[in-house]
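Undergrad: Can you read through this structure? Questions will come right after.
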Amino acid sequence: MLQKLIIVAFLVLILYNLGAGLYYMITDKGQTNRTVNALTKRIALSVVLILLVVLGIWTGVIQPHDLGR
């Protein structure tokens, strides 16, 4: 259950940074680097989430389900 909460927390942070990037893009009109920083954080969080899922599957903490084959 903890693994699911961590994944959901990462997804919420990713969506927050995506929204922040959109907000900064609209309000700053290219005057600051806040949009780039927010989108860079989003990409970094996405990469970390993917690596954590791969590590969890590799160590056996996360077990992917079979699709009925």
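The values are calculated or read from the model by the stated rules, or taken from the named source; none is laboratory data. Everything numeric in this text was worked out from a predicted model, so none of it was measured. Heads up, the Cβs are rebuilt from the backbone with ideal geometry, glycines too, and the neighbour counts pull from every protein chain shown.
Undergrad: From the list I26, I43, I50, I14, which one is exposed (fewer than 11 other Cβ atoms within 10 Å of the Cβ), among the β-branched types (V, I, T), at negative phi and modelled with pLDDT of 90 or more? Full working, then the answer.
TA: Details: I43 fails: exposed (fewer than 11 other Cβ atoms within 10 Å of the Cβ); I50 fails: exposed (fewer than 11 other Cβ atoms within 10 Å of the Cβ); I14 fails: exposed (fewer than 11 other Cβ atoms within 10 Å of the Cβ).
Only one candidate qualifies: I26.
Undergrad: Still on this model: Kindly list, by first and then second residue, each pair from a residue in region 36-58 that is over 25 Å from M25 (Cβ atoms) to a residue that is among the aromatic types (F, W, Y), limited to pairs with Cβ atoms under 8 Å and residues at least 6 apart or on different chains.
TA: Final answer for the pair search is L52/F10.
Undergrad: Residue pairs, Cβ under 7 Å, 6 or more apart or interchain, first in region 3-18 and in contact (Cβ under 8 Å) with a residue 12 or more places away in the chain and assigned to a helix (DSSP H, G or I), second surrounded by fewer than 16 Cβ atoms within 10 Å (Cβ to Cβ) and not hydroxyl-bearing (S, T, Y). List them.
TA: Between residues of region 3-18 that are in contact (Cβ under 8 Å) with a residue 12 or more places away in the chain and assigned to a helix (DSSP H, G or I) and residues that are surrounded by fewer than 16 Cβ atoms within 10 Å (Cβ to Cβ) and not hydroxyl-bearing (S, T, Y), the close pairs are Q3/V61; Q3/I62.
Undergrad: Would you mind stating whether R34 is out of contact with any Leu (no Cβ under 6 Å at 6 or more places or on another chain), surrounded by 11 or more Cβ atoms within 10 Å (Cβ to Cβ) and among the basic types (K, R)? Walk me through it before giving the result.
TA: Working: out of contact with any Leu (no Cβ under 6 Å at 6 or more places or on another chain): yes; surrounded by 11 or more Cβ atoms within 10 Å (Cβ to Cβ): yes; among the basic types (K, R): yes.
Yes: the conditions hold for R34.
Undergrad: So which residues in region 1-29 are over 30 Å from V61 (Cα atoms) and of a type outside the set (S, T, N, Q)?
TA: Quick first cut of region 1-29, residues over 30 Å from V61 (Cα atoms) only: 19-29.
The answer is G19, A20, G21, L22, Y23, Y24, M25, I26, D28, K29.
Undergrad: Within region 35-69, can you find the residues that are in contact with a Gly (Cβ under 8 Å, 6 or more places away or on another chain) and basic (K, R)?
TA: Within region 35-69, R42 is the sole residue that qualifies.
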